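The values are calculated or read from the model by the stated rules, or taken from the named source; none is laboratory data. Only a predicted model underlies this, so the values are computations on that prediction, with no experimental measurement involved. Cβ sites come from the backbone with ideal geometry, for glycine too, and all protein chains shown count toward neighbours. Ligands, DNA and RNA are stripped out before the accessible areas are found, and what is left, the full protein with its side chains, is counted by its heavy atoms. Shrake-Rupley method; radii C 1.70, N 1.55, O 1.52, S 1.80 Å.
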Amino acid sequence: LEGTPQALKESVDIFEKVIISKSSLAIEARIQQARVLLDINRTEEAKVSLFKVYKPKSSSAQQREIGILLATALHTQGSEDPGQYAKAIAIYDQLLETPKLPLSWSNQVYYMKGQTLESMGDDKMALDSYYKVINRENLSPDAPHSQQEWQWFYKCGFKAVALLEKKEQYRAAVAISKKIASY
């Protein structure tokens, strides 16, 4: 609870005990342990742990969370091994194929996919990922018209504007800014 380095390391051990117990909380403990491992830069341990329970074809919220954490771990390792970026993108694409993916999850995955594409140096594809959210292309045709999500929407918008400014495409940056402001 304190978040001190020692407390974080101790929490990893406590979560491990819950995981080993095979109780109904074991997978949730693994998720929480992976979060802590990522926070304390023990990325490889988090990745190995998450791969043990990741089921790409599952559509449960818990599996989505595992997928996002796993892709985050892979993205983190991408600076040292660029092949890890492609693996993270593959997980994001699997998550985006989930039937009836809630808008908040979809927006988050597109944002994180865009981040990974930026890290790979593929600004065009990163913009495409952000645009899916900004232009609401990821809304299901049968979704209620009133369906909204703002946190990841704005993050995608701000990242798109920053990328456009970096590329000196100021008119496009202004157009995206106006579109975001209109919501």
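Odds and ends about this structure:
- In order along the stretch 97-107, phi translates into HN-Hα couplings of 7, 4, x, 6, 5, x, 4, 4, 5, 4, 4 Hz, rounded to whole numbers, per the Karplus curve 6.51 cos²θ - 1.76 cosθ + 1.60 with θ = phi - 60° and x for Gly and Pro.
- Accessible area (Å², 1.4 Å probe, nearest 10) - residue 35: 90 Å²
- Cα convex hull of the stretch 4-108, projected area averaged across orientations, nm²: 7.0 nm²
- Counting only protein heavy atoms and a probe of 1.4 Å, the accessible surface of the chain is 54% carbon and sulfur.
- For the chain, size of Cβ-based charge dipole, Lys and Arg +1, Asp and Glu -1, in debye: 400 debye
- Whole-Å distance, taken between Cα centres, linking the stretch 80-147 and the stretch 29-50: 22 Å
- Backbone phi angles across the stretch 34-47, fed through the Karplus curve with coefficients 6.51, -1.76 and 1.60 (θ = phi - 60°), yield HN-Hα couplings of 4, 4, 5, 4, 5, 5, 9, 6, 10, 4, 4, 4, 4, 4 Hz in residue order; Gly and Pro are listed as x.
- Vicinal HN-Hα couplings computed from phi for the stretch 177-183 (Karplus, 6.51 cos²θ - 1.76 cosθ + 1.60; Hz; Gly/Pro x): 4, 5, 5, 4, 5, 5, 7
- On a per residue basis, the chain carries 57 Å² of accessible surface, using protein heavy atoms and a 1.4 Å probe.
- Largest-first principal axis extents of the Cα set of the chain (Å): 55, 38, 32
- Proximal charge balance of residue 126 [Cβ under 12 Å; K/R count +1, D/E count -1]: +2
- P(r) weight above 15 Å for the stretch 1-51, C-alpha pairs, percent: 39 percent
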